[in-house]
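Chemist: Got a structure for you, questions after.
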Amino acid sequence: MAAMALPPRVLDQSVDPRFPAPMRRFVELYQLPRVTIEMSGDDGCLLLYRHFTRRHPRYRVIRNKAWGVALLSLPDTYEAYIAGGARRHMRGHVSRATRGGYTFGPLDPLASLDEIMDINRSAETRQGRPMHPDYLDGEAVATYLRGAGEVYGVRDSDGRLRAYADLRQCGAIACMSRLLGHAEHLAQGVMYLLLAGIIRSLIERRSATGQPTWFMYDTFPGASVGLAQFKRAIGCEPHRVTWRWSGVASQIASGA
């Protein structure tokens, strides 16, 4: 079985460099911090849990989302999150977007479908890969958005949507799904403003309700170098995760 590779800067440089590369990558993954996260919620959350815990499509001996999961442990306050040298890069981009008149807020995605399609079609490739056809077909996007969880966006000074993301809180964890910005506005910091707004909202929710305690942005294995750096810039680090389900019964859960 080929080794799962983490992008540069994620790897633990303490592993003996004399080891063969596949063995070093395996050891680096094995040594990641281990956490157990309990999921609960609606049928959408149950589908996520099943996706996370099914066999990996390529590495059949492990679970799909178990190694190198990009997690942020939500702090008690937004001020604690955004402070310090580790968030300097993020603060700079958030400040640039704010000075440029961009604003963050919740979004009714179907009412903004045309703007979302404009964002999706603003670049032919993302992270070096062609845009998936499901992002370019209006009906497919509308169908996806009808089943989405919470959707947030960033608008420019004219009120035009320039970035959006959806996530679903499943008990102790809030899971990021689609995250896209208009290609012509990425340099203005819109993605950092979007993530900062989402994380602030989650921290405030945790303060009020006790959950979520974790924010997840997929995994580091498989991410491009640039995407891995972005995940680290917003505070995510790779973990090994054991998933537990404690949600309510549903038609999906009962197999109906």
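Each reported figure results from applying straightforward, stated rules to the coordinates on display, with no laboratory input. As the structure is a prediction and not an experimental result, all values here were calculated from the model. Reconstructed Cβ throughout: ideal geometry from the backbone, glycine too, with neighbour counts over all protein chains shown.
Chemist: Taking 0.36 nm per residue of separation and subtracting the Cα-Cα distance, what length does fully extending R63 through D42 add? Before the final figure, lay out each step's value.
Modeler: Numbers: separation 21, 0.36 × 21 = 7.56 nm, distance 2.18 nm.
Contour length minus the Cα-Cα distance gives 5.4 nm.
Chemist: Determine, for each peptide in 89-98, 108-117, the mean count of other beta carbons within 10 angstrom over its residues, then list the peptides with the highest first. Mind showing how you got there, number by number?
Modeler: Numbers: 89-98: 17.4, 108-117: 15.7.
For the peptides 89-98, 108-117, the packing ranking is 89-98, 108-117.
Chemist: Convert each backbone phi in the range 176-187 into a coupling constant with the Karplus relation 6.51 cos²θ - 1.76 cosθ + 1.60 (shift: θ = phi - 60°), then list the ³J(HN,Hα) values in order as whole Hz, x for Gly and Pro.
Modeler: 6, 10, 6, 8, 9, x, 5, 4, 7, 10, 4, 5
Chemist: Further question on the same structure: Grab the Cα-Cα distance for A208 and R96, subtract it from 0.36 nm times how many residues apart they are, and report the gain in nm with one decimal. Please list the in-between numbers first.
Modeler: Details: separation 112, 0.36 × 112 = 40.32 nm, distance 2.99 nm.
Contour length minus the Cα-Cα distance gives 37.3 nm.
Chemist: Could you work out the local net charge near A196, counting Lys and Arg as +1, Asp and Glu as -1, over the other residues with Cβ closer than 11 Å to its Cβ? Don't skip to the end; give the middle numbers.
Modeler: Numbers: positive: R87, R91, R200; negative: none.
In short, +3.
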